[in-house]
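For reference, the structure is listed below as C-alpha cells.
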Amino acid sequence: MWEAIRANRFRSRLLIVVLAAVLMGLGYVIGFAIHPEAGLIGLGAALLVWMVLVLTAATGGSSLLLAGAEAEAIRHEDYPLLFNVVEEMSIAAGLSPLPKVYIIDSDAPNAFAVGKKGNSAVAVTSGLLMRLNRDELQGVIAHEIGHIVNNDTRFMTTAGVTVAAVVLLSDVFLRSMLYSSGRRRRGRGHGGGGAAVVAIIFAILAPVLAQLLYFACSRRREYLADACAARFTRYPPGLASALEKISASAWRMRNVNRALAPMFTVSPLKGSTVHGIFSTHPPTEKRVQVLRAMGGASYAEYEKAFGRTVGEHIIGARTLSEDAAAPVREPSAEPERSELEKTRQVVDVLHRLEGMLAVTCACGLKTRVPPGYAKEEEINCPRCGRLIPLGPAIMAAAAAGAMGREGTSADRQSPRAESTRQTETIVNEPGKWQNVNCSCGHTIQLSPNFSALQVRCGDCGRRYRVVRE
Amino acid sequence: MSGAIIALVVVAVIIVLLGLWLAGTYNGLVRLRNQVENAWAQIDVQLKRRHDLIPNLVETARGYMKHERQTLEEITKARNLAQKASGPGEASEAEQQLSSALGQFFLVVENYPDLKANQNFLALQEELTSTENKIGFARQFYNDQTMQYNIRIQSFPANLVAGMLGFHRRDLFELESEAERQVPRVSFE
C-alpha cells in the first residue's frame, strides 16, 4: 500500500531539503566566521554530522526510542483485545506485516508509533488501556497506523534529527562566541568582524526557523492521521471521544524523547496544553470538532469538515479523486467493561511483564510476589497471616517460561535470594520503635505499628521472621 | 536522405516512448491488481479462522447450555455448510447464515452467567468478535482497493490499453444480499 495521502509526500521532501539546506548554510556561515577560508569545511562538517544522525535514526532509531520510553513488547495472549485491535486496523489500512505491539507502564493515556512500513511498532500506555473502550482504542490505534502508512514516522524522525542538529550547532557556536569574544577582540583586532555578525544573526534565526517549519508540518500530519483513522475505522466518534478522554487526563508521561513527540496521539510534552506555533499537535478541541462535524468516514468528508471548522484545505486533490464514499458504521456491540475491570486486566499484564508471581492463599486471597524469591521461601498472607510456600508458583512460572517468555521470575532470580535461605527471628514489642542490626551492618528500623510477620533488610535483602510475645 | 533519417529517428523515439509508457502503465496496473488479490486473500484467511474457532466455542458452551442444543447444532450446521461452500455467491450466503446463527447464540448466552464467567469462553468470545471485525475490515479494504483499481482502468489514458492487457473490472464484495437487507425492518405503524 502506498502513502494514503500523496500530496503530503512532496511537502515532506521539501521540508527535509529545506531543513538540510538551513543546516548546511549554518555550517558554512559558522566556518566562514571562524576563518574566511573555512566556509566549505564548516559546510562539510555540518553535512557529516547530519549524515551520521540520519543514519543512526534510520537504523537503530525505533529500538532506541522504544527503550527510551520503557516500552515492553507483549504477545497476543498477554492482552488479546489490544492485539486484535492492532490487527483489525492493520487489515483496514492494508499494512503488512503487522506492527509489533508494546506497552508502557504509565498512567498518562497516550500512544505512539515508530518504524517504517515493513518494520513498525505501536506502543500504548497502560493508562490508555484502562480508560478506553473498544471503539476508542480502535480510533487511537488507527491514528497511529495512519502515521505509519503515511510515512510520518520516517519523515518526522529525519526532520526531527535535522532540527536537532541545527539547534545543537547554533548553540555550540553562540556559546563559543560568547565565551571567547573578549579574548579574540584583543588578540586579532577586527579581522572577519562582519562575517561574525552575520553568523551570529544566522545562528540565532536558523533554529527558530527550522523549528517553526517542523512544528507546522507535524501539526498538519496529525490532522491527516486523524483523517486516516476516521476512514480506517469508519467511525469518527471513536477517536473523537478517545481524544476527549486523553486530554481530560491530568497525568503526564515521563521520559519523553522530543524527537518522538509528533508520533504520539496527543502531545506528551509538558505545557502542551498551550497551543501555538511551537506545538507538535493541533489543539485537541479543534481535532475533536473536525471529527464530530464529519457526516461520513471518507477523506472527502474529512476535507469538508476541516474546511468548515478550520477554514483550510488539508487533503490533496489526487487522493480525493480516488476516494470512495464511506458511510459511518454502527458503534461496537460489545458491552462496556467497567474501568475497574480494565484496570485489573492491565495491572495483571504489567505484573506478568515484571516477572511478578501470582500466588493464592488458602484463605482465598490472590496476591503478587516480586521476583527474586527462591523456591524454598515462604511469604505471609497479607490478610490472614498464613505462610504461603512459593515453590509451586515458581515451578509453574518456570514451566510456562520454558514454553514461551524469557525472563520470568524463576530465571530472573537476583543474587539476593542466595543470602536469604535461613531466616533468623526478631522478637518485636508492639507499640515501640525498635532498631535491629542486620548482620551486614545495616540497621533495620521497625515502627510502633509494625505488624508484619517478616521484615527484609533494605541493604542486603536478608529476611527476618518477626514474632511477638 | 537526411529527411528520411530524421523521420526514422522520430518514429523510433515515439515507439520507444510508447513502449515505456505501456510498460509503466502495465506495471502500475499489475501492482494494483495484486493488491486487490491480496485483499481478497485476507478475507479468506479471516473466514477460515472463524471456521476454526467455532468447534471450540460449541465444545465450551455445551457443558453449560444443556437446554440450547438446537442453537448449538444450528451453529455447527451453518459452519459446516460455510466450510463446504464453493463459489463466492454460495459462500457469502453461507457466511451470512453463520453470522446470524452466531448472533443468535450470543444473545442466548446472556442467560447463562456461569458461561459468561468462564475464562476460556471469554477468550473465545473476544477472538470471535475480533474475527468478525477483521472480516468486515478486510472486506472494506478489498472494496477500497477494487474501487481504486476500477477507477484506474476506466480512466484516460489507461483505459485505452487496460482491456487489451487483460485488466477487467472487478466486482465489489457485498456480504448482505438485497433481500437480507430488508428483512429486519419491522414497522408498527
Residues in the stretch A:340-352: is at least one assigned to a loop (DSSP other than H, G, I, E, B) and acidic (D, E)? no
Selection from the stretch A:326-379 of residues over 27 Å from B:T131 (Cα atoms), in contact (Cβ under 8 Å) with a residue 40 or more places away in the chain and acidic (D, E) yields A:E376, A:E377
Here the residues within the stretch B:101-116 that are open to solvent by 70 Å² or more (accessible area, probe 1.4 Å) and assigned to a helix (DSSP H, G or I) are B:Q104, B:L107, B:P113, B:D114, B:K116
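Just give me the residues in the stretch A:304-317 being assigned to a helix (DSSP H, G or I) and surrounded by fewer than 20 Cβ atoms within 10 Å (Cβ to Cβ), in sequence order.
A:K304, A:G307, A:R308, A:T309, A:A317 - these are the residues of the stretch A:304-317 that are assigned to a helix (DSSP H, G or I) and surrounded by fewer than 20 Cβ atoms within 10 Å (Cβ to Cβ).
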All-but-one check, B:E110 against (1) among the acidic types (D, E); (2) within 10 Å of chain A (Cβ to nearest Cβ); (3) touching a residue at least 40 places away in the same chain (Cβ under 8 Å), failing number (3)
Scan the stretch B:20-41 for residues that are within 11 Å of chain A (Cβ to nearest Cβ) and in contact (Cβ under 8 Å) with a residue 40 or more places away in the chain and jot them down. B:G28, B:L32, B:Q35, B:V36, B:A39
Can we say A:K270 is at pLDDT 85 or above and open to solvent by 20 Å² or more (accessible area, probe 1.4 Å)? no
Is one or more of the residues making up the stretch A:283-297 open to solvent by 10 Å² or more (accessible area, probe 1.4 Å), hydrophobic (A, V, I, L, M, F, W, C), in a helix (DSSP H, G or I) and over 30 Å from B:I151 (Cα atoms)? yes
Determine, yes or no, whether B:D44 is open to solvent by 80 Å² or more (accessible area, probe 1.4 Å) and within 14 Å of chain A (Cβ to nearest Cβ). yes
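Of all the residues that make up the stretch A:297-316, how many are within 14 Å of another protein chain (Cβ to nearest Cβ) and over 31 Å from the mean Cα position of the chain (by Cα)?
1
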Subset of the stretch B:142-154 that is at the interface with chain A (Cβ under 9 Å from one of its Cβ atoms) and not hydrophobic (A, V, I, L, M, F, W, C) - its residue that is least open to solvent (accessible area, probe 1.4 Å): B:Q145
Got a number for residues in the stretch B:128-141 being open to solvent by less than 10 Å² (accessible area, probe 1.4 Å) and more than 8 Å from every other protein chain (Cβ to nearest Cβ)? 2
Pull out all pairs, ordered by first then second residue, where Cβ-Cβ is under 8 Å, the residues are six or more apart or on different chains, the first lies in the stretch A:121-143 and is outside the structural domain of A:G238 (by TED's automatic domain parsing), and the second is of a type in the set (A, V, I, L, M) and buried (at least 22 other Cβ atoms within 10 Å of the Cβ). none
Just the residues that are of a type in the set (S, T, Y) and in contact with a helix residue (DSSP H, G or I) (Cβ under 9 Å, 6 or more places away or on another chain), please, taken from the stretch A:26-71. A:Y28, A:T56, A:S62
(1) open to solvent by 40 Å² or more (accessible area, probe 1.4 Å); (2) in contact with a strand residue (DSSP E or B) (Cβ under 9 Å, 6 or more places away or on another chain) all hold for A:I74 apart from (1)
Could you tell me whether any residue of the stretch A:77-97 is of a type outside the set (F, W, Y), out of contact with any strand residue (DSSP E or B) (no Cβ under 7 Å at 6 or more places or on another chain), under 22 Å from B:Q140 (Cβ atoms) and modelled with pLDDT under 85? yes
Can you tell me which residue among A:V85, A:V54 is closer than 30 Å to A:A196 by Cβ and crowded, with 16+ Cβ neighbours inside 10 Å? A:V54
Residues that are free of Cβ contacts under 8 Å to residues at least 40 places away in the same chain and within 17 Å of A:V328 (Cα to Cα), drawn from the stretch B:125-143: B:N133, B:G136, B:F137, B:Q140, B:N143
From the list B:V58, B:V36, pick out the single residue that is over 29 Å from B:V161 (Cα atoms), modelled with pLDDT under 90, in contact with a helix residue (DSSP H, G or I) (Cβ under 9 Å, 6 or more places away or on another chain) and in a helix (DSSP H, G or I). B:V58
Among the candidates A:L365, A:L340, which residue alone is modelled with pLDDT of 85 or more and either surrounded by 15 or more Cβ atoms within 10 Å (Cβ to Cβ) or more than 12 Å from chain B (Cβ to nearest Cβ) (or both)? A:L340
State whether the residues of the stretch A:88-109 include one that is surrounded by 22 or more Cβ atoms within 10 Å (Cβ to Cβ), among the polar types (S, T, N, Q) and closer than 23 Å to A:T125 by Cβ. yes
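The values are calculated or read from the model by the stated rules, or taken from the named source; none is laboratory data. Nothing here was measured: the structure is a model prediction, and the numbers come from that model. FYI the Cβ positions are ideal-geometry reconstructions off the backbone, even for glycines, and counts take in every protein chain you see. These area figures cover heavy atoms from the full protein model, side chains too; ligands, DNA and RNA do not enter into them. Shrake-Rupley method; radii C 1.70, N 1.55, O 1.52, S 1.80 Å.
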